[in-house]
Structures are given as structure tokens and as C-alpha cells.
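Coordinate-derived values only; no laboratory data. Fair warning: this is a prediction, and the values are worked out from it, not measured in the lab. Every residue, glycine among them, receives a Cβ derived from its backbone with ideal geometry; neighbour counts consider all protein chains shown.
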Amino acid sequence: MIKIILKRGRDESLLRYHPWVFSGAIAQIQGSPQEGDLVAVHDCEGRYLASGHYQIGSIAVRVLSFSGDPQSPAFWRDAIARARDARKAIGLPSPGTNCFRLIHGEGDGLPGLIIDWYDGVCVLQAHSVGMFRAKNRICEALQEVFGDSLKAVYDKSSGTAPFKAGLDLVDGYLYRAPGFNVNSLTVSENGHRFEVNWAEGQKTGFFLDQRDNRELVGKYAAGRTVLNLFCYTGGFSVYALDGGAKSVESVDSSAKAMSLVERNVALTGLSDRHEGHCCDAIDFLNAAPEGKYDLMIVDPPAFAKHRGVLKNALRAYQRLNAAAIARVAPGGLVFTFSCSQVVDKIAFAELVFSAAAQTGRSVRIIDRLCQGGDHPVSIYHPEGEYLKGLLLYVE
């Protein structure tokens, strides 16, 4: 492998097993790596530190191993088997849940790789050139680990892999078991049913990271009038209906998403208590009468995908939360979230505090929320904790 030599004193993060090497830490590159190539990282004295995928940008190397050989035929099989075992340890799959995240990037020691499991269908997203180029080996390893229980492997990297790298970014199947010829399945999550279309839906077809938070909404929904903003495929709406909500309104600007919401709601048999609105969620909230809803879910897309827009994003989150807190009924609950990785827990809590103060209402934090256990965070990579939320009680 090509050698990356670090500057003196710039090896501390790797010695603490952080999986990124920043370009500013590099003193010398021995060779001419192409984006996606495997490289070996050494300190200034020539001691080996780690191996990983080389890439162009501020993060120059995403580490795959601090000791083993990523070129070994067993590397991918063993990494996927470890991730499978970690899910088994938290009870996934279970009789009521057959969809979950199987590989969560750095949290599973595979930076740049996401794989979601939908009842035997693996949907793969490569976020780096190295992972994209390794996709066929990853597919073979999935077949080794899961055997006959694997129905298909679908590559959906066209929206995630670096588009400037000259890759052939066309989504499609890497593997299909004989007779498997569908692009969607009805899956179960905590006993609730959802239609997932990995070929046409956003991300891999469903937002699996909110599983535990959806269950909490179901717990508090009984008898309440619920508003689900930025609802996507209606996950929170389904849980609220099944939890005994008096009524649920779902809002999303995507007509395709709203069509899937209606199909998912129909699976509950409670469509008479549901109303969908295909429109801008912020405009809908700002026009909503005060006190109509006593449970709100505010789960917007990432307003800040990089630090360059962080200040504007924080203001947008604050305005959104102020509008929700101002309009929820007295004694109501607000589930509010941010999935922006660059907005940390402290910044999110501060902006919600500012939003609450702006309304002048008494607000209590009932619970602090995060991503599910199938989206693990490496203790050496705290940046992996991207989803944060608060459950608020508003007088």
C-alpha cells in the first residue's frame, strides 16, 4: 500500500483510535494514490498506525483497520459478522422487528458505508469512493454471512458517493436470490407495518434511526390530537394512530412521500382518524391555530450539512421550535429533533431554550432523545452521534 507519513505530533488522534486522518496532518505521501485507494498511515518515525481509504478533501483517510489487513479476503466477512452480532446483542431482528441498520459507518468500524436490512434485503449506500469500489466484495461478504436468509443486495449510492470522482453511479441490484423481483416490501417495526420502497424512496427507503422515538410517541399519543411535521413516510403517524391518538395530521412537501404515508396509514386500519397535507411544513405550522394540537413531532431534514451554514441553520431551527412551542396546546408535548451532525447536543438544547424563552411559556424537558442502538456511536468517534432530540412539556 501507498504510505502516508504524518507530521510530528499529529498522530495523537490515531493513537486514540479516531478513524479520520485530516489532510493538514500529512507531512508526506510516498506514491500517487487515487481517490479510494487503500493506504497505510505511519507516524513521522515510520511506525505503522492504521490502514484506510484515501480520499480528496479535508478528511484524507478514513481508517478501516488499526492492525489487520483490509485487503484480506476475510476482512469484509469478519466486519459484517461483528456488526450482525452487535445487532443480535440488542435483540435485532425480533419477532416484531425485521428492519434495522446493519452497518453504521464509523460506529461499526467501516467509515463511508451504510447498510440497512429490510427483512432480508440489504440496501447499501457508499459515502466514499473506497466503499463504492469495494461494493462487490461487500456483497459477497453479505452472502457469506447471511446465506439463504439474504434475499437481495441493492446499491443505492448514486446520491451519496462523491459525484466528482468519475464513478458509474447507477443504482441497482448487486445480488438477487432466484425469484426475487420486487423493489418494495412490507416490513415490521415494533409490531407496526410499513411499506418500504428502496428503489424510489429517500435514503434507503425508511428512517430507521427513529425506531425508539417512534415507540415513545406511541406511548404518549392516546387521546391526543397529533401533528406530525416533515412526516416523510409517516412513521410517527402510524405509531400515534396505533397508540390511540384521537386524530393525526401528517405534513410533508413531497407528494411521493405523502402517497406512501396514506398507504402506511391504511395498514393500521385507522385512516378515518388521519389527514394528510402535501405542503411546506413550516408554512403549515405558522398558519396553524394555537392550541389545536396537544402533541407535535418536529423532525425536519438536516438544515446544516456543513459548518459553513451552521449559523443560518441554528436560526432556522430556533424559529421552527418557537413556532411549535407557541402553538401547542397547554399541557401539550413537543418531540423536536435535529439530524444535523454539525449541530451538537449542547447547541441544540441552547437553541430550543432560546425558542422557548421567545414564546414566554413554561417549558420542561421530559426526556432527551437520540438514535437507536442499531446506529451505534464508536466511543472513539463521538461525531457519530448525529441525531438528537428533546421531549418537551409545555404549560
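A few remarks follow.
- Per DSSP, loop GluC sites (Glu not before Pro) in region 8-66 with at most 12 further Cβ within 10 Å: Glu45
- Spin-label pair Arg315-Asp119: with each label point 7 Å from Cα along the Cα-Cβ axis, the two points sit 4.7 nm from one another.
- Packing-based ranking, highest mean first, of 268-278, 109-119, 335-345, 305-315 given that Cβ atoms within 10 Å are counted: 109-119, 335-345, 268-278, 305-315
- Cβ-based net charge around Gln318, under 13 Å, with every Lys or Arg adding one and every Asp or Glu removing one: +2
- With a simple spin-label model that places each label point 7 Å from the Cα along the Cα-to-Cβ direction, the separation between Val182 and Lys7 comes to 5.6 nm.
- For the chain, the fraction of alpha-carbon pairs in successive 10 Å shells from zero, as %: 5, 21, 29, 24, 14, 5, 1
- Here Glu290 and Gln202 are evaluated by their C-beta separation; at R0 = 22 Å the FRET efficiency comes out at 0.10.
- Paramagnetic label zone (point 7 Å from Cα along Cα-to-C-beta, Ala81; backbone N under 13 Å) in region 130-149: 141-147
- Full-extension gain in nm, Ile29 to Ser259, via 0.36 nm per residue minus C-alpha separation: 77.6 nm
- Charge dipole magnitude, Cβ of K and R +1, D and E -1 - the chain, Cα centre, debye nearest 20: 600
- Taking only the C-alpha atoms of region 34-148, the Rg (one decimal) and the largest Cα-Cα distance, Dmax (whole number), read 15.1, 54 Å.
- Between 0 and 90°, nearest 10: helix 74-89 axis offset from the chain longest Cα axis: 30
- Taking the C-alpha atoms only, the angle from helix 255-266 to the longest principal axis of the chain is near 70 degrees.
- Annotation: amide H-H contacts under 5 Å for Ile26 (H modelled 1.01 Å from N, sequence separation of 5 or more, or interchain): Lys7.
- Packing-based ranking of 84-96, 248-260 yields 248-260, 84-96, ordered from highest to lowest mean Cβ neighbour count within 10 Å.
- Inter-label distance for Leu267 and Ala357, nm, one decimal - labels placed 7 Å from Cα along Cα-to-Cβ: 4.3
- Considering only alpha-carbon pairs that sit under 8 angstrom and 6 or more positions apart, the relative contact order computed for the chain is 11 percent.
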